[in-house]
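Let me begin by presenting the structure, written as structure tokens, before commenting on it.
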Amino acid sequence: MKLWARKTYRIGMGSLFPIIYYFTPHKYFTLLVVAYFLGIMTVVEILRRFIKGAWKVMVEHSHGILKLEEARTFVGTTSFLIAVFIVIAAFDKSIAITAIVFLTFGDAMATIVGMKIGRIRTFMGKTLEGSIAFFVTCVVLGYLLSLTPRLYLSWPLILWGAAAATVIEMLPLRLDDNLTVGIGTAIVMQIVKMV
């Protein structure tokens, strides 16, 4: 596994959907694009589970993007795409785009900082430095998104969303954080928006 290859891939893939969604008037086109990639990942999941050695071959030819020890129910990309589909389908544009951006960039920064300079382990197993990087990244990106025309983000919404994303990423849940962070962040932001 090559950390930079995985995170570059994730940032590229994760940036694609908010950009498409931002520039399209309706969510349906973006959902079709996400569904297309989910279809590809469904084929990957089937090959991985039912054809012996297929996953090893895919990992060897992925240039460091995939890792052999994927022991989850789904590959991280599949969980990520499921979360993106649900968030876009269920929440308004501002919240959906923000939650996906937080998941994409916050997770990448937490991993990079945690692996490179992380020293202090939290009681949940993550590094404090990685979690701080996650939160700061989300706050900065939330602020930048709030300056974007047609996205309506208040400071409370940004701060609650960043805090929710950080805490959910830290929790030792059995579900993949690629799935839980985006959906959980969107739910918290929606509640804050309604209050």
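The values are calculated or read from the model by the stated rules, or taken from the named source; none is laboratory data. Note that the coordinates shown come from a computational prediction; the quantities given were computed from them, not determined experimentally. Please note: Cβ atoms are built from the backbone with ideal geometry, for glycine as well, and neighbour counts cover all protein chains shown. Calculation scope for accessible area: heavy atoms of the full protein, side chains included, ligands and nucleic acids excluded. Shrake-Rupley method; radii C 1.70, N 1.55, O 1.52, S 1.80 Å.
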Heavy-atom accessible area of Val167, protein chains in place, probe 1.4 angstrom, given in Å² to nearest 10, is 80 Å²
Once the Cβ-Cβ distance between Phe29 and Val140 is put in as r, and R0 is 22 Å, what FRET efficiency do you end up with, to the nearest 0.05? 0.15
What spacing in nm lies between the two simple spin-label points modelled at Phe50 and Lys116, each 7 Å away from Cα in the Cβ direction? 4.2 nm
Just reorder Tyr143, Tyr22, Tyr152 by solvent-accessible area, largest first, 1.4 Å probe, all chains present. Tyr152, Tyr143, Tyr22
Mind putting a number on the dipole of the chain about its Cα centre? Charges go on the C-beta only, +1 for Lys and Arg and -1 for Asp and Glu, and I need it in Debye to the nearest 20. 280 debye
Could you provide, to the nearest whole Å², the per residue accessible area of the chain with probe 1.4 Å? 53 Å²
With a Förster distance of 22 angstrom and the Cβ-Cβ distance between Met124 and Thr73, calculated FRET efficiency to the nearest 0.05 equals 0.60
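Keeping the other protein chains in place, figure out the carbon and sulfur percent of the accessible area of the chain, with a 1.4 Å probe.
73 percent
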Check the chain and count each lysine pair with an alpha-carbon distance under 22 angstrom, considering only pairs eight or more places apart or from different chains. 16
Cα-Cα separations in the chain greater than 21 Å, expressed as whole percent: 51 percent
Gain on full stretching of the segment that runs from Ser154 to Ile20 - 0.36 nm per residue minus C-alpha separation: 46.0 nm
Probe 1.4 Å, all protein chains present, accessible-area order of Tyr21, Tyr28, largest first: Tyr28, Tyr21
Residue (of Ile11, Phe102, Val188) at the positive-pole extreme of the chain, dipole from beta-carbon charges: Ile11
Relative contact order for the chain, counting Cα pairs under 8 Å that sit 6 or more residues apart, in percent: 22 percent
When all protein chains stay in place, what accessible area (Å², nearest 10, 1.4 Å probe) is found for Ile88? 0 Å²
Solvent-accessible area of Arg10 with every protein chain in place, 1.4 Å probe, in Å² to the nearest 10: 20 Å²
